[in-house]
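The values are calculated or read from the model by the stated rules, or taken from the named source; none is laboratory data. Since we're looking at a predicted model, the values are computed, not measured. Heads up, the Cβs are rebuilt from the backbone with ideal geometry, glycines too, and the neighbour counts pull from every protein chain shown. Each accessible area value is taken on the protein alone, full model and side chains, heavy atoms only, with ligands, DNA and RNA left out. Shrake-Rupley method; radii C 1.70, N 1.55, O 1.52, S 1.80 Å.
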Amino acid sequence: MKYGLVLEGGAMRGLFTAGVIDVLMENDIKFDSTVGVSAGAAFGCNFKSGQIRRVIRYNTRFCKDKRYCSKRSLIKTGDMFGAEFCYHTIPDKLDVFDFQTFNSSPMDFWVVCTDVNTGKAVYHKCGPIDHDELEWIRASASMPLAARIVEVGGYRLMDGGVADSIPLKFMESRNCEKNVVVLTQPRDYVKKPVSILPLIKMKYRSFPKFIGAVAERHKMYNSELKYIRSAEEEGRALVIAPPETLPIGHIEHDPEVLLEVYRIGRRVANENLGKIKEFLGISEE
C-alpha cells in the first residue's frame with residue numbers, strides 16, 4: 001500500500017503546516033509521495049529535505065526584511081514576496097536548503113500550479129533541485145495580484161490553489177491508497193466567493209479562463225472539502241486541521257505571531273500522533 005501526504009496552501013497559515021511536518025520528521029514518519037499547493041509547496045519541500053525547524057527559522061529571521069515580503073517589493077518587482085530573495089538567495093546562501101538530501105530522498109514531491117492560459121491545474125513532480133525546480137515552487141505560491149506570472153517548463157503559471165486547492169484526488173490517482181491531508185482552515189470552514197474579482201478581471205483580462213477559475217474557486221474548494229470528508233469516513237484519508245481559525249493573515253511581520261501558529265501546528269500534530277501512526281500502520285514499539 002502507498003501512502004501520501006497532501007498539504008494545503010494558505011500563505012502564512014502555512015506555518016501551521018510547518019509545525020505539523022516538523023513533528024512528522026521528529027517521529028520519522030515517511031510517505032511515498034507528498035503534494036504541496038502554494039505555501040504547502042514552499043514550506044513542504046523541507047519535509048523531503050529533512051530540515052526540521054527550517055521553515056520557522058527563516059520566516060522569523062526574515063519576516064521584517066523588506067526583501068522577503070513588503071509593499072516595496074511588490075511595487076519594485078511585482079512580487080510581494082521577493083522572488084530572488086525568497087526562492088534563491090535564502091536557500092542558496094542565507095539558510096541553506098539541503099539539496100543533497102532532497103535529491104536523494106525516495107519520496108516523490110509534487111507541486112500544483114495553475115496554468116493562466118487554461119485555468120487548469122498543472123501537476124509537476126520535482127526532480128533534482130535547480131533554478132527551474134525552485135521556480136516551479138515559486139509558481140505554485142504566486143498569489144494573484146501579489147505576484148507576477150511565472151514562466152517555467154513552457155507554461156505561464158500562478159497559485160496552484162486557484163485550480164486545485166486540496167489535491168487529494170490527484171494523490172489517489174497516483175495510487176496512494178491512504179492519505180494524510182493537512183488543512184490550514186478549520187474542518188467546518190466554508191469558502192465564500194472572492195471579493196476582489198473586479199480587480200482580478202482588470203489585472204488578468206488577457207486570461208479569461210484564469211479569471212473563470214478564480215471566480216469558481218469557492219465552489220471547487222467546498223466540493224473538495226466534501227470529498228475529503230467522505231474519504232475520511234471511508235478510511236482513505238486522515239485530516240489534520242487547526243481547531244479554529246488561525247490568528248494570522250496572508251502576510252505577517254511579527255515573529256511571535258508566526259511562532260504561535262507554528263506551535264498550534266505542532267500541538268495538533270502531537271495530539272493526533274497516535275492516530276497518524278495507526279492510520280499509516282506504524283507500530284508504537
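Please specify each residue of the range 100-131 satisfying the condition of being among the β-branched types (Val, Ile, Thr) and open to solvent by less than 40 Å² (accessible area, probe 1.4 Å). VAL111, VAL112, THR114, VAL116, VAL122, ILE129, listed by residue number. Among the residues of the range 183-206, those identified as open to solvent by less than 40 Å² (accessible area, probe 1.4 Å) and of a type outside the set (A, V, I, L, M, F, W, C) are THR184, GLN185, PRO186, TYR204. For the range 53-64, the count of residues that are open to solvent by 20 Å² or more (accessible area, probe 1.4 Å), among the hydrophobic types (A, V, I, L, M, F, W, C) and not in a helix (DSSP H, G or I) is zero.
Annotation: of all residues in the range 238-277 being touching a strand residue (DSSP E or B) at 6+ places or on another chain (Cβ under 9 Å) and without any contact (Cβ under 8 Å) to a residue 40 or more places away in the chain, the one that is surrounded by the fewest Cβ atoms within 10 Å (Cβ to Cβ) is LYS275.
Entry remark, the range 72-97: residues being closer than 17 Å to GLU135 by Cα, touching a residue at least 40 places away in the same chain (Cβ under 8 Å) and among the acidic types (Asp, Glu) number 1 in total. Considering only the range 143-158, I want to know if a residue exists there that is over 11 Å from the mean Cα position of the chain (by Cα), under 17 Å from GLY44 (Cβ atoms) and not in a helix (DSSP H, G or I). Yes - at least one qualifying residue is present in the range 143-158. Is it the case, given these coordinates, that ARG53 is touching a residue at least 24 places away in the same chain (Cβ under 8 Å) and farther than 28 Å from GLY153 by Cα? Taking the combined requirement at face value, the residue satisfies it.
For THR118, the test of being assigned to a loop (DSSP other than H, G, I, E, B), out of contact with any Phe, Trp or Tyr (no Cβ under 7 Å at 6 or more places or on another chain) and β-branched (Val, Ile, Thr) is passed. Scanning the range 1-47 for residues that are farther than 23 Å from MET158 by Cβ and charged (D, E, K, R), which turns out surrounded by the most Cβ atoms within 10 Å (Cβ to Cβ)? Applying the filter and picking the extreme gives ASP22.
From the list GLU216, GLU172, the one residue that fits, being of a type in the set (Asp, Glu), in contact with a strand residue (DSSP E or B) (Cβ under 9 Å, 6 or more places away or on another chain) and either on the phi > 0 side of the Ramachandran plot or open to solvent by 20 Å² or more (accessible area, probe 1.4 Å) (or both), is GLU172.
Note on the range 85-99: among residues that are in contact with a helix residue (DSSP H, G or I) (Cβ under 8 Å, 6 or more places away or on another chain) and not hydrophobic (A, V, I, L, M, F, W, C), the one that is most open to solvent (accessible area, probe 1.4 Å) is TYR87. Among the residues of the range 151-169 satisfying the criterion of being touching a residue at least 40 places away in the same chain (Cβ under 8 Å) and either farther than 11 Å from VAL112 by Cα or hydroxyl-bearing (Ser, Thr, Tyr) (or both), which is surrounded by the fewest Cβ atoms within 10 Å (Cβ to Cβ)? Result: LYS169.
Test THR17 against the criterion of being outside any strand (DSSP E or B) and out of contact with any strand residue (DSSP E or B) (no Cβ under 9 Å at 6 or more places or on another chain), and give yes or no. Taking the combined requirement at face value, the residue does not satisfy it. Assessment of the range 132-140 against the conditions (open to solvent by 40 Å² or more (accessible area, probe 1.4 Å), under 29 Å from LEU168 (Cβ atoms) and part of a helix (DSSP H, G or I)) yields at least one matching residue.
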